[in-house]
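Colleague: Could you have a look at this structure, given as structure tokens, before my questions?
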Amino acid sequence: MSFSDPDKWVELYGDYLYRFAMSRLSDPGASEDAVQETFLAAIKGIDNYDSKKVDFKYWLRGILRNKTVDYIRKRVREMPAGELSDYDEEQNSLQKFAGIPHRDVESFKFSPQTQYDKKEFWQIFNKCLLGLKSPMKEIYILKEVESEKSEDICKEFNISSNNLWVIVHRSRSALKKCLNSSWMNQ
């Protein structure tokens, strides 16, 4: 069995885990570290692995997912406070009542539903996702890709639920704009 020999883990799962980490961290060094930490955690916790519940590859990915989330949280905690504060300034739940106009979100110039299964779509999507600024990218990934609870994200990033909504909304808008321009330029 693939999980019984830790010497083969890097060969069997290293590339897969590295790609997974890179898609979330966009940092080769941090991705390598996260994969190494995953293998170490797996060696320590191999007694907890139950092959009847989950394939070994996905068990490793689950460990790596936690390592990448920890890395993102650490990176955001170490971020200067001023870098998050500009998100608070612009959006407030009282804005619409104060008469501040809402900017319309750009419509898609192509049908994402019909392109969803194409490899090219996902390459462009990943390029656009990696183009989001921190912490927007990290928050978007946690909320939309990893399906983390809003309360947990707010606590980890020390932001309000309204601020979370704004960041996710801006991320979606930026992704839509990038997808439109990148897809149309193909």
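Colleague: Taking the simple approach of a point 7 Å from Cα along Cα-to-Cβ for both LYS52 and LYS133, what is their distance in nm?
Modeller: In this crude spin-label approximation the distance works out to 5.2 nm.
Colleague: Place +1 on the Cβ of every Lys and Arg and -1 on the Cβ of every Asp and Glu in the stretch 138-186, take the dipole about the Cα centre, and give the residue among SER160, SER171, SER181 whose Cα lies farthest towards its positive end.
Modeller: Checked the options; the winner is SER181.
Colleague: Here is the link list: LYS67/LYS133; LYS119/LYS149; LYS44/LYS127; LYS74/LYS177; LYS67/LYS177; LYS57/LYS119. Which ones come out longer than 32 Å on Cα distance? Mind dumping the intermediate values first?
Modeller: Working: LYS67/LYS133 21 Å; LYS119/LYS149 29 Å; LYS44/LYS127 35 Å; LYS74/LYS177 29 Å; LYS67/LYS177 30 Å; LYS57/LYS119 23 Å.
From LYS67/LYS133; LYS119/LYS149; LYS44/LYS127; LYS74/LYS177; LYS67/LYS177; LYS57/LYS119, over 32 Å: LYS44/LYS127.
Colleague: Work out the FRET efficiency for SER150 and VAL10 from their Cβ-Cβ distance, taking R0 = 35 Å, and round it to the nearest 0.05.
Modeller: Working: r = 36 Å, r/R0 = 1.04.
The pair SER150/VAL10 has a calculated efficiency of 0.45.
Colleague: May I pose another question? Output the peptides 48-55, 173-180 sorted from most to least packed, where packing is the average of other Cβ atoms within 10 Å over each peptide's residues. Walk me through the numbers on the way to the answer.
Modeller: Numbers: 48-55: 9.8, 173-180: 17.4.
For the peptides 48-55, 173-180, the packing ranking is 173-180, 48-55.
Every read-out reported here was derived from the displayed coordinates using simple, explicitly stated rules and does not represent laboratory data. Predicted, not measured: the structure shown is a model, and the values here were computed from it. Please note: Cβ atoms are built from the backbone with ideal geometry, for glycine as well, and neighbour counts cover all protein chains shown.
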